[in-house]
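Asks: I have a structure I would like to understand better, so I am pasting it below and will then ask my questions one at a time.
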Amino acid sequence: MAEQDSEQPIAPETEEAIRWLFGRYPTRRALVLPALHLIQERLGGVPAAAVRHLARILELPAPEIQDTLSFYGFFKQDGRIGRYRIWVCRSLSCAICGGEDLLGYLTEKLGIQPGQTTPDGLFTLEHAECLGACDFAPAVLVNEELYPKMDREKLDRLLAELAAPAHPATAGATNNA
Amino acid sequence: MDRDQPSLTDYQPVLLANVGVEGSHTRAVYEARGGYATLRRVLRECSPKQVMEAVRSSGLRGRGGAGFPTGLKWSFLPADHPGPVYLCVNADESEPGTFCNRVLMEHDPHQVLEGTILSSFATRASTAYIYLRYEYPLSLRRLQQAIDECYEAGYLGRNILGSDFSLDIYIHRGAAAYICGEETGLIESLEGRRAWPRIKPPFPAVEGLFRKPTVVNNVETLACVRHILERGLEWFRSLGTPPDPANPQDAGSLGPKLYCVSGHVRRPGCYEGPLGIPCRRVIDEWGGGVWKGRKVKAVVPGGLSTGLLTADELDVPMDFKGPVQVGCLGLGTAGVIVMDETCSMIDFLYNSCRFFAHESCGQCTPCREGTSWALRIVERIKAGDGRLRDLDLLLEIADGMGIIPGTTICGLADGAAWPIKNAIRKFRLEFEDFIRRTNPQGYLATHPVPALSGRAMPRLEITWPPSGTSDGNPVTAATGSPSPWRKTIPLE
């Protein structure tokens, strides 16, 4: 245990970014969600060691952070999120305009289930519960970009673009540790 | 068109006035179009009490779904509290079919901020947190840029515009959980906990964020505050449905409202009009009518939670009372989702049940178990193992969960129950017909059956009862799959 507790998976710059937010909230606990976001952006997930490390930074019991983390399916603890996290909306407006079909198509095309990452670490597939883009149904969110009115052909093109090494976003993707 | 029904295109938008203007998200354009003039005037001329009184007299009701009078909510703040007081901007817009807050935050973030600053002034809040859902990255960028611009201009920070009023605004990013839109769930989430709604009282105005007096208001509500102070009460009260004079309890449905139209329409989008536009006109005149020349079959009036209108019920006014008159939960967010005649109500109900089972926070048993079992029953019906008895079972579950029957802490369960109640009560024949056709051998059965259908979930080989039925034939789940990809999708 002592060995584990000395682990420092959160990089000093990330810790700095977390501490920079301290002044915004009257309690350390309120930092849990912002900190988890920062950690996941940089590590591609929040492994258990990072939870323990964060607990030391925020001076909170690690199980309390784990409790919060486990509530939000958004944070991943096993495995890394791929370079591109693809959220396919499956709520009503998108579903009746073809979103369900797109989600099924992607599971076949990528050979993974929602929640999983392709072996090359490029794509993580997720189903989204309403992206709030019903006017653009069916909508797909990839990292921080919304792709409106998608169909299979557009998805094919998008995936090919993202997978191409020359793609500008590939260099600056959010999850390069 | 007669005099009572002016064309919707004649209405001059107020909330959406800047949307579509080049650079509408920047401070320069916002100010050039009159932005922050109201803030300057109010800080110069008004006391917080006067602003609060103006909002109360306007009759503004919250735009986030419940329609609680905003001024009344503010009036619950203790008058002599030493502070700090917090204002939370509820930007966790997650109700399926709703995207008007996104439009405001992406295209006119300064309008949202001006409303937030004015409301913070009125409620004496010194810190405002914008709880922004994760799924809105462009809103995040635009809002953050707008906040930075406000600090530069002296609209935020210490002694705003030379007054003794100080305010900081921070964006707090959510993590893809619907329940964070419930105001006390939002508060718990902001405090760094799982977003389990709190038992009320105490209400947030008395004991909210960090146990201090807190106001939680929706993005659109706050945007309305700016316009009430700018254009006056008379303007605001001239729009919408006035209170029923025979009913002193009725607060009316006043002011402008953003309507979202999506689904099977020609022109999905966000449109502005007075409250109380009939649903049919929203669909036909703004939405361009049903797509592909088809007919409307069912319409979600105000976000998935509110239930269903049938094609015969589309003349209800979209105000706080209208959809209730035909058995819907309420106006909700005015997020209209249109389903055409090809849409199966079984698929609708499955989609709805799946959403709420996924989003129930798990705190109250009736909701956690109710949403999850409802999904499993609908899953089984959809897979062709339904019995007529299941429909009454679903209704029994739906009638038993929520604030209205008094079994849960928050309204998520009411929102989960309404689509079930409306779908089955308004489209019962379709459900019965589907069950008879897909399960001709067993549709009348009433003995216990496994909730999960093997056909929908081929990974589970279900046999019930374990030793076979009374007639000796084991009821083993078939392994066919309704569509090629479903067999690989596990149930949540």
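Asks: Quick one: which of B:ILE179, B:ILE169 is buried (at least 20 other Cβ atoms within 10 Å of the Cβ), in a strand (DSSP E or B) and either touching a residue at least 12 places away in the same chain (Cβ under 8 Å) or not aromatic (Phe, Trp, Tyr) (or both)?
Replies: B:ILE169
Asks: Yes or no: B:GLU234 away from every other protein chain (no Cβ under 14 Å), under 18 Å from B:SER75 (Cβ atoms), more than 20 Å from the chain's Cα centre (by Cα) and acidic (Asp, Glu)?
Replies: Numbers: away from every other protein chain (no Cβ under 14 Å): yes; under 18 Å from B:SER75 (Cβ atoms): no; more than 20 Å from the chain's Cα centre (by Cα): yes; acidic (Asp, Glu): yes.
Taking the combined requirement at face value, the residue does not satisfy it.
Asks: When you scan region B:130-166, how many residues do you find that are free of Cβ contacts under 8 Å to residues at least 60 places away in the same chain, among the hydroxyl-bearing types (Ser, Thr, Tyr), in a loop (DSSP other than H, G, I, E, B) and surrounded by fewer than 18 Cβ atoms within 10 Å (Cβ to Cβ)?
Replies: Qualifying residue count for the region: 1.
Asks: Okay, moving on. With respect to the numbered conditions (1) more than 21 Å from B:ARG354 (Cα to Cα); (2) open to solvent by 20 Å² or more (accessible area, probe 1.4 Å); (3) under 10 Å from the mean Cα position of the chain (by Cα), which one is the sole condition not fulfilled by A:GLY73?
Replies: The one condition A:GLY73 does not meet is (1).
Asks: Then there's this: Which of the residues that make up region B:263-288 are at positive phi and surrounded by fewer than 17 Cβ atoms within 10 Å (Cβ to Cβ)?
Replies: B:GLY288
Asks: Which of the residues that make up region A:1-50 are in contact (Cβ under 8 Å) with a residue 60 or more places away in the chain, part of a helix (DSSP H, G or I) and more than 14 Å from chain B (Cβ to nearest Cβ)? Give the steps one after another, and end with the answer.
Replies: Residues of region A:1-50 that are in contact (Cβ under 8 Å) with a residue 60 or more places away in the chain, as a first pass: A:41-44.
Filter again for part of a helix (DSSP H, G or I), leaving A:41-43.
A:ARG42, A:LEU43, listed by residue number.
Asks: Considering (1) closer than 25 Å to B:LEU15 by Cβ; (2) open to solvent by 20 Å² or more (accessible area, probe 1.4 Å); (3) within 14 Å of chain A (Cβ to nearest Cβ); (4) hydrophobic (A, V, I, L, M, F, W, C), say which one B:CYS260 fails and leave the rest.
Replies: B:CYS260 satisfies every listed condition except (2).
Asks: May I ask you to list the residues in region B:133-168 that are more than 10 Å from every other protein chain (Cβ to nearest Cβ) and among the hydrophobic types (A, V, I, L, M, F, W, C)? Walk me through how you get there before you give the answer.
Replies: Step one: filter region B:133-168 for residues more than 10 Å from every other protein chain (Cβ to nearest Cβ), giving B:142-167.
Once the filter is applied, which keeps residues that are more than 10 Å from every other protein chain (Cβ to nearest Cβ) and among the hydrophobic types (A, V, I, L, M, F, W, C), region B:133-168 yields B:LEU143, B:ALA146, B:ILE147, B:CYS150, B:ALA153, B:LEU156, B:ILE160, B:LEU161, B:PHE165, B:LEU167.
Asks: Moving on. On the basis of being within 14 Å of chain A (Cβ to nearest Cβ), surrounded by 21 or more Cβ atoms within 10 Å (Cβ to Cβ) and farther than 24 Å from B:GLY400 by Cα, does B:CYS353 make the cut?
Replies: Details: within 14 Å of chain A (Cβ to nearest Cβ): yes; surrounded by 21 or more Cβ atoms within 10 Å (Cβ to Cβ): yes; farther than 24 Å from B:GLY400 by Cα: no.
It is false that B:CYS353 is within 14 Å of chain A (Cβ to nearest Cβ), surrounded by 21 or more Cβ atoms within 10 Å (Cβ to Cβ) and farther than 24 Å from B:GLY400 by Cα.
Asks: Then there is this: Which condition does A:ALA55 not pass, out of (1) in a helix (DSSP H, G or I); (2) within 8 Å of chain B (Cβ to nearest Cβ), if it passes all the others?
Replies: Status for A:ALA55: all satisfied but (2).
Asks: Given the conditions (1) more than 27 Å from the chain's Cα centre (by Cα); (2) at pLDDT 95 or above, and given that B:GLY362 satisfies all but one, which numbered condition is not satisfied?
Replies: Here B:GLY362 meets the rest and fails (1).
Asks: Looking at region A:84-101, is at least one residue more than 12 Å from chain B (Cβ to nearest Cβ), in a loop (DSSP other than H, G, I, E, B) and open to solvent by 30 Å² or more (accessible area, probe 1.4 Å)?
Replies: No, region A:84-101 contains no residue that is more than 12 Å from chain B (Cβ to nearest Cβ), in a loop (DSSP other than H, G, I, E, B) and open to solvent by 30 Å² or more (accessible area, probe 1.4 Å).
Asks: In region B:195-247, what count of residues is obtained for those that are open to solvent by less than 30 Å² (accessible area, probe 1.4 Å) and either of a type in the set (Lys, Arg) or in a helix (DSSP H, G or I) (or both)?
Replies: Qualifying residue count for the region: 14.
Asks: Moving on. So, in region A:103-154, how many residues would count as being open to solvent by 10 Å² or more (accessible area, probe 1.4 Å), in a loop (DSSP other than H, G, I, E, B), out of contact with any Cys (no Cβ under 6 Å at 6 or more places or on another chain) and at the interface with chain B (Cβ under 7 Å from one of its Cβ atoms)?
Replies: Looking only at that region, the number is 3.
Asks: Next question. Look through A:LEU60, A:LEU122, A:LEU102, A:LEU92 and report the one residue that is in the same structural domain as A:PRO26 (by TED's automatic domain parsing) and at pLDDT 95 or above.
Replies: After ruling out the rest, the residue left standing is A:LEU60.
Asks: Go through (1) open to solvent by less than 10 Å² (accessible area, probe 1.4 Å); (2) not in a loop (DSSP other than H, G, I, E, B) and name the single condition B:SER305 misses.
Replies: For B:SER305, the exception is condition (1).
Asks: Also: What do you reckon, is B:ILE187 out of contact with any Lys or Arg (no Cβ under 6 Å at 6 or more places or on another chain), in a strand (DSSP E or B) and within 14 Å of chain A (Cβ to nearest Cβ)?
Replies: no
Asks: Evaluate the following for B:ARG124: is it facing chain A (nearest Cβ under 8 Å), touching a helix residue (DSSP H, G or I) at 6+ places or on another chain (Cβ under 8 Å) and within 30 Å of B:ILE409 (Cα to Cα)? Give the derivation first.
Replies: Values: facing chain A (nearest Cβ under 8 Å): no; touching a helix residue (DSSP H, G or I) at 6+ places or on another chain (Cβ under 8 Å): yes; within 30 Å of B:ILE409 (Cα to Cα): yes.
Taking the combined requirement at face value, the residue does not satisfy it.
The values are calculated or read from the model by the stated rules, or taken from the named source; none is laboratory data. Values in this document were obtained by computation on a predicted structure and should not be read as measured data. FYI the Cβ positions are ideal-geometry reconstructions off the backbone, even for glycines, and counts take in every protein chain you see. We work out accessible area using only protein heavy atoms, side chains counted, and drop any ligands, DNA or RNA first. Shrake-Rupley method; radii C 1.70, N 1.55, O 1.52, S 1.80 Å.
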